[in-house]
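K.L.:
Attaching a single structure in structure tokens format; questions to follow.
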DNA sequence: TTAGTGACAGGCA
DNA sequence: CTGCCTGCCACTA
């Protein structure tokens, strides 16, 4: 028997779950950092979601552009990815104002599409 | 190990 | 409407 010491079953970290959530965001929708954090298990870990995007979006293919802040706007600054995100969103049919404002009432992904809701 | 980080959120003026 | 402040969390160096 190999002295396998401790085989710790590492649960996915919060960050890993965030990635999973990001992959679950449907095309043509957006969500907020808080929403992602909430679906990942901690609505207060919005800051952590930020970190995930910072760290993972550079190495992994995540729909990071579908994540905006609670105000419904792109948090990135012009010249720091703002344009790219706005472009990607508009490409998915999501109108983006010049200020980066998106209509959350229409495009916010509530995580649970309700076909009967109007 | 400790300290620092950060593309937030919410409250208040 | 905007701006400033605080709380908040889990990861990274």
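The values are calculated or read from the model by the stated rules, or taken from the named source; none is laboratory data. Just so you know, these numbers come straight off a predicted model, no measurement behind them. Here Cβ is always computed from backbone atoms with ideal geometry, including for glycine, and neighbour counts include all displayed protein chains.
K.L.:
Can you find, within region A:19-45, the residue that is farthest from the chain's Cα centre (by Cα) among those that are within 9 Å of DNA strand C (Cβ to nearest atom) and crowded, with 19+ Cβ neighbours inside 10 Å?
P.N.:
A:45
K.L.:
Yes or no: residue A:77 under 21 Å from residue A:20 (Cβ atoms), at pLDDT below 90 and surrounded by fewer than 16 Cβ atoms within 10 Å (Cβ to Cβ)?
P.N.:
No: the conditions fail for residue A:77.
K.L.:
I'm told residue A:94 meets every condition in (1) assigned to a helix (DSSP H, G or I); (2) over 29 Å from residue A:12 (Cα atoms); (3) touching a strand residue (DSSP E or B) at 6+ places or on another chain (Cβ under 7 Å) except one. Can you identify the failing condition by its number?
P.N.:
Status for residue A:94: all satisfied but (1).
K.L.:
Checking the condition within 15 Å of DNA strand C (Cβ to nearest atom) and out of contact with any strand residue (DSSP E or B) (no Cβ under 9 Å at 6 or more places or on another chain), which residue from A:77, A:73 passes?
P.N.:
Answer to the check: A:77.
K.L.:
Something else now. Can you run down the residue pairs with Cβ atoms below 7 Å, 6 or more apart or on separate chains, where the first is in region A:1-20 and modelled with pLDDT of 90 or more and the partner is assigned to a loop (DSSP other than H, G, I, E, B)?
P.N.:
Pairs that qualify, where the first residue is modelled with pLDDT of 90 or more and the partner is assigned to a loop (DSSP other than H, G, I, E, B), are A:14/A:41; A:14/A:42; A:17/A:41; A:19/A:60; A:19/A:62.
K.L.:
Is there a residue in region A:57-74 that is surrounded by fewer than 19 Cβ atoms within 10 Å (Cβ to Cβ), in contact (Cβ under 8 Å) with a residue 40 or more places away in the chain and outside any loop (DSSP other than H, G, I, E, B)?
P.N.:
Scanning region A:57-74, I find no residue that is surrounded by fewer than 19 Cβ atoms within 10 Å (Cβ to Cβ), in contact (Cβ under 8 Å) with a residue 40 or more places away in the chain and outside any loop (DSSP other than H, G, I, E, B), so the answer is no.
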